[in-house]
Protein chains: 2
Amino acid sequence: MRIVVLAGGIGGARFLRGLMSAAPDADITVIGNTGDDIHLFGLKVCPDLDTVMYTLGGGIHEEQGWGRADETFTVKEELAAYGVGPEWFGLGDRDFATHIVRTQMIGAGYPLSAVTEALCARWQPGVRLLPMTDDRVETHVLIDDPDGESRKAVHFQEYWVRLRASVPAHAVVPVGADQAKPAPGVLEAIADADVVLFPPSNPVVSVGTILAVPGVREAIADAGVPVVGLSPIVGDAPVRGMADKVLAAVGVESTAAAVAKHYGSGLLDGWLVDTVDAGAVDEVEAAGIRCRAIPLMMTDLEATAAMAAAALVLAEEVRG
Amino acid sequence: MRIVVLAGGIGGARFLRGLMSAAPDADITVIGNTGDDIHLFGLKVCPDLDTVMYTLGGGIHEEQGWGRADETFTVKEELAAYGVGPEWFGLGDRDFATHIVRTQMIGAGYPLSAVTEALCARWQPGVRLLPMTDDRVETHVLIDDPDGESRKAVHFQEYWVRLRASVPAHAVVPVGADQAKPAPGVLEAIADADVVLFPPSNPVVSVGTILAVPGVREAIADAGVPVVGLSPIVGDAPVRGMADKVLAAVGVESTAAAVAKHYGSGLLDGWLVDTVDAGAVDEVEAAGIRCRAIPLMMTDLEATAAMAAAALVLAEEVRG
């Protein structure tokens, strides 16, 4: 079975671990979000791709969910001693090496997809990891300018990590997405897929950004295979992160049903909500999306594998 | 008193520490060799400038003479795990931060001289540290190609660090030097100097490379002030390093007298040799260079300060 997964960072990566456990023989292609990529210290940092790579490759800091296990921060401390920041972004020494290799390869002319493949040659994540695009897409968030009456756009990482989504987001703009082309292999993987899954990743800044790359949404709709998602909202609140802040920016309520309807029945065939949101099943189904309520907390690998298995069962159900 | 010092790496840096102790009120400008600069992992590394900066700024690994104290090598180990080398060049985590800052500033358009000033704002070396040029100069060494009958050029660092000067050097070429311009402040510092000193740095790949930048040699000759050097050769052998290998490449014997004559009386007014080389004094003086024999081993700060003091005394003697 060929499965395509559109993944953000922590939530996507953890779901993938469950999926690989539930479907060990599946051929999985992950299309990773690159809209939260950022240049720091002259280096290209791809937080979501790396979170997937480290998680599936056994290098992740388990409790934290991002970054490397057994990490040290000598380089960052030295950069701070030079007065060079930002200090709010936690790049560790092990992690730095990944960004140094990536930046060097990109400087030598390799596209991000080739770089990602080279990095994965070390990590052996067990999936094929593709960036959504080799082109530059940068998610910006429009916030109130604290120094004035106007608004200003900040990089998603600045909104998410530095400001911790503590101020209202008026808009989320994947800058460059309209000009981006899907990376080599992305459209082919979707066309060849038996199932497409949306993990409980952020529907705006993770899955939404991938869908904003021209051709991706259309390829999924045209693939003619079940498309099943898992709600990142449980009990009207994001399972983790601050998804409600960016949902508000695009005018979507933070409910499991509203997110399903935001994707829409033109894209989504099936939707899993948590058992606490069982009351939303009818509303989602009324919107033309098959819906089931199951426990959606990725507390451990077993629970996560059960979620992935349920998504695959729902896929077969909608395939009919 | 305004003193200009043409410095390489370890020998130059240690001499400078002695000079600052011997002449605490002097205004010292260091013109640093950049011919052994190298791009590693996409980062610009300036070994000689950094050795001077770390040594005078209190950050040097004292026993080793280069690199940072309390250094760790996490980034390098991770790069090796990606299969990315070279492994023969010992870049530590603390050191990496310097190269990241430098590379980022150069990428932003700042010349190396401005970058060096910015880095020194942290280290406060107590001297004005200028790169010899902001242009790219790269010292290459011509060696026998082990794979064939022909010869090949390797970067100086590859010859020095990887090969440890274990094969004959047929030529030393400061590639780009003929097109290089002295960095801002270099010619002005020389013109304003009261004394110019050549520390016991390598006469070919350190001091020689600085002198290869068009205008530097002429400025020193034209300054009309005493130019005094200290022999890096003691008892017919280099005090440290493998200076004899690159001296052979330029057809100069590894003796204290031969190095003085290599600089020549057109450039050099005074020359200090070690007491074991006292027999060379007459030969040097016969070449028109005032010469004295004193202990030249930089065993500690006191001994090094005595060497620097002797150089200043000899400078006043030749000033007449």
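Quick notes on this structure:
- Under 5 Å between amide hydrogens, built in the peptide plane, is the criterion, and for B:CYS291 it picks out B:TRP271 among residues at least 5 positions away or on other chains.
- With an a/c value under 1.5 for the gyration tensor axes a ≥ b ≥ c computed over the alpha-carbon atoms, the range B:202-320 is described as rounded.
- Shortest-first nm distances, B:ARG136 label point to equivalent points in other copies (7 Å, Cα→Cβ): 2.1
- Principal-axis tilt of helix A:301-319 within chain A, Cα atoms, nearest 10 degrees: 50 degrees
- Degrees separating the helix A:47-57 axis from the principal Cα axis of chain A, which is the longest one: 70 degrees
- Tensor-based shape of the protein assembly as shown (alpha-carbon gyration tensor, a/c under 1.5 rounded, otherwise prolate or oblate): prolate
- Helix axis angle, B:93-107 relative to chain B longest principal axis, alpha carbon, degrees: 90 degrees
- DSSP finds beta bridges in chain A, and of those with both partners inside it, around 45 percent are antiparallel.
- Cα centroid of the range B:58-121 to Cα centroid of the range B:289-304, whole Å: 32 Å
- For the range A:225-320, the share of DSSP beta bridges that are antiparallel, to the nearest 5, is 20%.
- 7 Å along Cα→Cβ, label-point gaps from B:GLU63 to other copies, nm, shortest first: 3.5
- Residues B:HIS170, A:HIS61, ranked from the fewest to the most other C-beta atoms within 10 Å, line up as B:HIS170, A:HIS61.
- With a simple spin-label model that places each label point 7 Å from the Cα along the Cα-to-Cβ direction, the separation between A:SER21 and B:GLU188 comes to 6.7 nm.
- Mean separation of Cα contacts under 8 Å (6+ apart) over length of chain B, as relative contact order %: 19 percent
- Computed helical MRE - 222 nm, chain A, DSSP H runs ≥ 4 contributing -39500 (n - 2.57), nearest 500: -11000 deg cm²/dmol
- For the range A:12-119: relative contact order, % (alpha-carbon pairs under 8 angstrom, 6 or more apart): 20 percent
- Neighbour-count ranking [beta-carbon atoms within 10 angstrom, fewest first] of A:ASP236, A:ASP48: A:ASP236, A:ASP48
- Once backbone amide H atoms are built at 1.01 Å from N, B:VAL175 has B:GLU138, B:THR139, B:HIS140 as its partners under 5 Å, excluding neighbours fewer than 5 places away on the same chain.
- Here's the picture: charge each Lys and Arg Cβ at +1 and each Asp and Glu Cβ at -1 in the range A:25-84, and of A:VAL30, A:THR51, A:PHE41 the one pushed furthest to the positive end of that dipole is A:PHE41.
- Residues whose amide H falls under 5 Å from that of B:ASP27, counting only those 5 or more places apart or on a different chain, are B:ARG2, B:ILE3, with hydrogens built in the peptide plane.
- Distance from the B-onto-A rotation axis is smallest for the Cβ of the chain B residue given, in whole Å, as B:ASP93, 3.
- For A:LYS245, the lysines whose Cα comes closer than 21 Å to its Cα, not counting residues fewer than 8 places off in the same chain, are A:LYS152, A:LYS261.
- Distances between copies of B:ASP25, taken at a point 7 Å out from Cα along the Cα→Cβ vector and listed shortest first: 8.9 nm.
- Derived scalar couplings between HN and Hα for the range B:133-147 equal 7, 8, 8, 7, 10, 9, 6, 10, 10, 8, 10, 5, 7, x, 8 Hz in order, rounded to whole Hz, by the Karplus curve 6.51 cos²θ - 1.76 cosθ + 1.60 (θ = phi - 60°), x for Gly and Pro.
- For the range B:94-138, a/c is not less than 1.5, where a ≥ b ≥ c are the root eigenvalues of the C-alpha gyration tensor, and a/b does not top b/c. That puts it in the oblate class.
- Counting 0.36 nm for each residue step from A:GLU285 to A:GLU87 and taking away their Cα separation leaves a gain of 66.7 nm.
- Beta bridges by DSSP in the protein assembly as shown, antiparallel share as percent, to the nearest 5: 45 percent
- Computed from point charges on the beta carbon alone (+1 for Lys and Arg, -1 for Asp and Glu), the dipole magnitude for chain B about its Cα centre is near 360 Debye.
- Loop-resident GluC sites (Glu not before Pro) (DSSP state other than H, G, I, E or B) in the range B:129-158 with no more than 14 further Cβ atoms inside 10 Å of their Cβ: B:GLU149.
- Charged side chains reduced to their Cβ positions (Lys and Arg at +1, Asp and Glu at -1) give the protein assembly as shown a dipole of some 340 debye around its Cα centre.
- Each residue of the range A:222-237 is assigned a 3J(HN,Hα), and the resulting list reads 7, 5, x, 10, x, 10, 10, x, 10, 5, x, 9, 10, x, 6, 9 Hz, derived from the Karplus form 6.51 cos²θ - 1.76 cosθ + 1.60 (θ = phi - 60°), x at Gly and Pro.
- Our summary gives the range A:38-191 a relative contact order of 21 percent, counting only alpha carbon pairs under 8 angstrom and 6 or more residues apart.
- Per-residue Karplus couplings for the range A:249-261, computed as 6.51 cos²θ - 1.76 cosθ + 1.60 with θ equal to phi - 60°, are listed in order as 5, 9, x, 10, 5, 8, 9, 4, 6, 5, 5, 4, 6 Hz, Gly and Pro entered as x.
- Among A:GLY266, A:GLY107, A:GLY224, the largest mean-square fluctuation in a Gaussian network model of chain A, built with springs joining Cα atoms closer than 10 Å, belongs to A:GLY107.
Values in this text are rule-based calculations from the coordinates and carry no lab data. Computed from a prediction, not measured in an experiment: that's the story for all the values here. Reconstructed Cβ throughout: ideal geometry from the backbone, glycine too, with neighbour counts over all protein chains shown.
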